[in-house]
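Novice: Attaching a single structure in C-alpha cells format; questions to follow.
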Amino acid sequence: MLNKEKEEMTKATNVVEMTAGDNSMSAFDVERVRADFPILEQTVYGRPLVYLDNAASSQKPRQVINAMSEAYETYYSNVHRGLHNLSQRATDGFEAGREKIARFINAGSDDEIVFTRGATEAINLVAATYGRAFLGEGDEVIISHMEHHSNIVPWQMLRDEKGITLKVVPIDDDGNFLLDEYEKLLTPRTKLVAVTHISNALGTITPMADIVRLAHDRGALVLVDGCQALPHMKVDVRALDVDFYAFSSHKMYGPTGIGVLYGKSDILNTMPPYQGGGEMIASVSFEETTYKAAPHRFEAGTPAIVEAVGLGAAVDYLEALGMDNVAAHESGLLAYATQKLSAVPGLTINGQAKEKAGIIAFLMENAHAHDIGTIVDRAGVAVRAGHHCAQPVMDRFGVAATARASFGLYNTREEVDVLVEALAAVRELLG
Amino acid sequence: MLDDLRELYQEVILDHSRNPRNFRHPGNANCEAHGHNPMCGDMLTIYLSLDEDGIIQDAAFEGKGCAIAVASASMMTQILPGKTVAQAEKLFSSFHDMCTKEDYEPFDTDDSNGEDEDAMERLQMLSGVRQFPIRVKCATLAWHTMKAAVAGDGECPLVPVSTE
C-alpha cells in the first residue's frame, strides 16, 4: 500500500473515530468526503456540478483511482498463472478484492464471491446455470413489479427456453412491496424468488427478511438484486439468509466492468459452469474436462484484475466511513429533499413507500421529465430522466418517464437547494 | 443559464406542446408507423393519408413525449399536407441538418420552391436543439417515424441519430 494511500485511509478512519456512537449529520464530515472525489470540483455551464445521478452510477474517490493506478504502475500482470513475482502480487491484489467484498457483505467464505462484469451478468449467470440445470416446465420464478430490466429479461429468456412460469408480485400506489400478495403467489412449484433490495425507479426498500423467510418455508431459493442497496446501507447476506446476491461495483464508488454474484457455497458448487475457457478448469483433455470449484468455475478467461483491486479499495473506503454513518447521512438528505421537493408547486413524487432509500423520482405538471433534465442540467444539476430501465413499473403508474434525483454519500443539503431552485426555472420556462 | 433554454423552449414550441395540432387518429390514414425512442420511452404514432399521386393529403399523430418531441410532431403534421413524399423526405433531410450542423444555411434556394422555404422557416423554431445534442432525437422522432410510415415499415425503432 502506498504511504499516501495509508495516510488517506487514516484520514478517513479518523472520521469514524470522530463519529463513534454518533450518527448525527454534523458528525459525518461531508466536506472531507467531497474532497476525496476529484470530479466534484468542476463546474458545468459555469455552475458547480451537483451530481444527483448516483443510482445510475456513482463517482470514484481518489483512493479507488490511486489503488488502480498503483496496480497498473507497480504490480500489474495476469493472475493465477505466472510463477513470477508480478503475477503473484497481481493475484494477491485481485484476491484481496474478493476477500474485502466477502467481509463487507459477511459472506461465509471468499469462495462465495464470484466476479462478474456487473449485476446484470450476475443475474444472467444464475439464469443460465442454475436456471437451465434445475428449472423446467411449470417451475415458477417470482419477481416483483418494480424490477430493473436486468432482473426481468433473463427470466423471460429462461421462460421461453424452458417453459418456466414467471409470476409478478404487485406493489401498491406508494410503491410498497405487497407481502400478502407475494405469499399468495408462492406454491410448491416456486423454485426461485428474484427481487430487488431497493427499487432504482421508486426508492422502495423491500422487506427482504420476510421475503426470504416465506420463500424458504416453501423450499424456494432467493436471488436479490442488491445494486442500489450495497452503496447505501449495511448488507449482511448471512443475516438475510439470501441464496444469491448480485451487485455492481460502479454504483458503490468502484470501477465499471466488474460486479459480484454472492452465492451460498453448497448451491454454487452444484451449478454447472457459465462459460468455458481458461481459469475455470481443473484439467482438460480432448475427451474430458473437469471444472474447478466455485468461484473459479464461473470465472472463465482473464478477469477484471485491476477493477477487483479498485472495488476492494471502494470497500475499504466505505468501511472507513462506516456504512451506518453513510446510511444516516443519506437518510437525512432523503428526508430534507422529500420535504423540499414536496413543496414545489405541481411536483409529485412517484414512490412514497414506508421504507425508502435516497432515490426520489418525480413528475411535474406541464413539464416532461426530459425537459426537466435538460433545464436543470444548465444549472449544473445531473439527474436522470426516463424510464430507468424499469418500464413495467413505469406502466404500473401510467407514466412514460420520470425525473429522478438519487443521492450518494457526497451529496449535501445545499445541493438539494440548487435542485429546487433549478426546478423553479423549469416552472418559469414551461409554466 | 436561461438564454439557451429560452432559445430551445420558444413560445411557439410551448404552444404546440401544450396544444398539439392534428393530435388524432384519422379513419382514412393509409400509412402509419409507430416511433419509439428506447432511450427515454417517448412514443409517437404518425398517420398519413396519401393520394394516388403520392401527395400527402392529411397528417396526424398520437403519443407521448417531451415538449420538443410533441411540438415537432405537431408542427410536422401542419407542414406535410400538400407535399409529395419526396418533398417530405427532402424537408426532413434539411431539418435534420438544421438540428445538427453549426454551418447549416437556412435558405439554400437552389433547388427548393417557395413553399419549402416557408416550411423551413417555421421549422427554424426548433433549431435551438443544436445547442442540446442529446435532444436532437426528440426533435426528429416524428420525422423518422413519418419516413418509416411512407416506406411501409410500420415500426420505427429509432436508431441513434448522429449529431455530427
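The values are calculated or read from the model by the stated rules, or taken from the named source; none is laboratory data. Everything quoted here is computed from the prediction, not taken from an experiment. Counting neighbours? That spans all protein chains shown, and the Cβs are built from the backbone with ideal geometry, glycine included.
Novice: Quick check on the range A:123-135. Is at least one of its residues among the charged types (D, E, K, R), modelled with pLDDT of 95 or more and more than 22 Å from A:LEU268 (Cα to Cα)?
Specialist: no
Novice: If only one of A:ILE198, A:ILE211 is buried (at least 20 other Cβ atoms within 10 Å of the Cβ), in contact with a strand residue (DSSP E or B) (Cβ under 7 Å, 6 or more places away or on another chain) and more than 21 Å from A:GLU140 (Cα to Cα), which one is it?
Specialist: Going through A:ILE198, A:ILE211 in turn, the sole match is A:ILE198.
Novice: Could we say that B:GLN57 is within 14 Å of another protein chain (Cβ to nearest Cβ) and in contact (Cβ under 8 Å) with a residue 24 or more places away in the chain here?
Specialist: no
Novice: A further question follows. Does the range B:1-29 hold any residues that are facing another protein chain (nearest Cβ under 9 Å) and not in a loop (DSSP other than H, G, I, E, B), and which are they?
Specialist: Result: B:LEU2, B:ASP4, B:LEU5, B:ARG6, B:LEU8, B:LEU14, B:SER17, B:ARG18.
Novice: Out of all the residues in the range A:354-384, which are farther than 30 Å from A:MET233 by Cβ and either within 8 Å of another protein chain (Cβ to nearest Cβ) or basic (Lys, Arg) (or both)?
Specialist: Those that are farther than 30 Å from A:MET233 by Cβ and either within 8 Å of another protein chain (Cβ to nearest Cβ) or basic (Lys, Arg) (or both): A:ASN366, A:ALA367, A:HIS368, A:HIS370, A:ASP371, A:THR374, A:ILE375, A:ARG378.
Novice: A follow-up question, please. Check the range A:132-139 and report whether any residue there is outside the structural domain of A:ALA361 (by TED's automatic domain parsing), touching a Lys or Arg at 6+ places or on another chain (Cβ under 8 Å) and among the aliphatic types (A, V, I, L, M).
Specialist: yes
Novice: A:ILE142 fails exactly one of the following numbered conditions: (1) farther than 29 Å from A:ALA328 by Cα; (2) part of a helix (DSSP H, G or I); (3) more than 18 Å from the chain's Cα centre (by Cα). What is the number of that condition?
Specialist: (2)
Novice: Are there any pairs, at least 6 apart or on different chains, whose C-beta atoms fall under 8 Å, with the first in the range A:44-72 and hydrophobic (A, V, I, L, M, F, W, C) and the second surrounded by fewer than 20 Cβ atoms within 10 Å (Cβ to Cβ) and modelled with pLDDT under 95, and if so, which?
Specialist: Correct list of pairs: A:ALA67/A:GLU5.
Novice: Return yes or no: is A:LEU341 of a type in the set (A, V, I, L, M), buried (at least 21 other Cβ atoms within 10 Å of the Cβ) and more than 10 Å from chain B (Cβ to nearest Cβ)?
Specialist: It is false that A:LEU341 is of a type in the set (A, V, I, L, M), buried (at least 21 other Cβ atoms within 10 Å of the Cβ) and more than 10 Å from chain B (Cβ to nearest Cβ).
Novice: A:GLY408 versus (1) buried (at least 24 other Cβ atoms within 10 Å of the Cβ); (2) of a type in the set (Gly, Ala, Ser); (3) more than 14 Å from every other protein chain (Cβ to nearest Cβ); (4) touching a strand residue (DSSP E or B) at 6+ places or on another chain (Cβ under 7 Å): which is the lone unmet condition?
Specialist: Answer for A:GLY408: the failing condition is (4).
Novice: Consider only pairs whose beta carbons are under 6 Å apart and that are at least six residues apart or on different chains; among these, list those whose first residue lies in the range A:329-358 and is in a strand (DSSP E or B) and whose second residue is polar (S, T, N, Q).
Specialist: Hits for this filter: A:ASN350/A:THR402.
Novice: Take A:HIS387 and tell me if it is within 14 Å of chain B (Cβ to nearest Cβ) and surrounded by 21 or more Cβ atoms within 10 Å (Cβ to Cβ).
Specialist: Against the criterion (within 14 Å of chain B (Cβ to nearest Cβ) and surrounded by 21 or more Cβ atoms within 10 Å (Cβ to Cβ)), A:HIS387 qualifies.
Novice: Another question about this same structure. What is the one condition in (1) within 14 Å of chain A (Cβ to nearest Cβ); (2) without any contact (Cβ under 8 Å) to a residue 24 or more places away in the chain that B:ASP51 does not satisfy?
Specialist: Looking at each condition in turn, B:ASP51 falls short on (1).
Novice: In addition: Are any residues in the range A:344-362 farther than 14 Å from A:GLY431 by Cα and of a type outside the set (Val, Ile, Thr), and if so, which ones?
Specialist: A:ASN350, A:GLY351, A:GLN352, A:ALA353, A:LYS354, A:GLU355, A:LYS356, A:ALA357, A:GLY358, A:ALA361, A:PHE362
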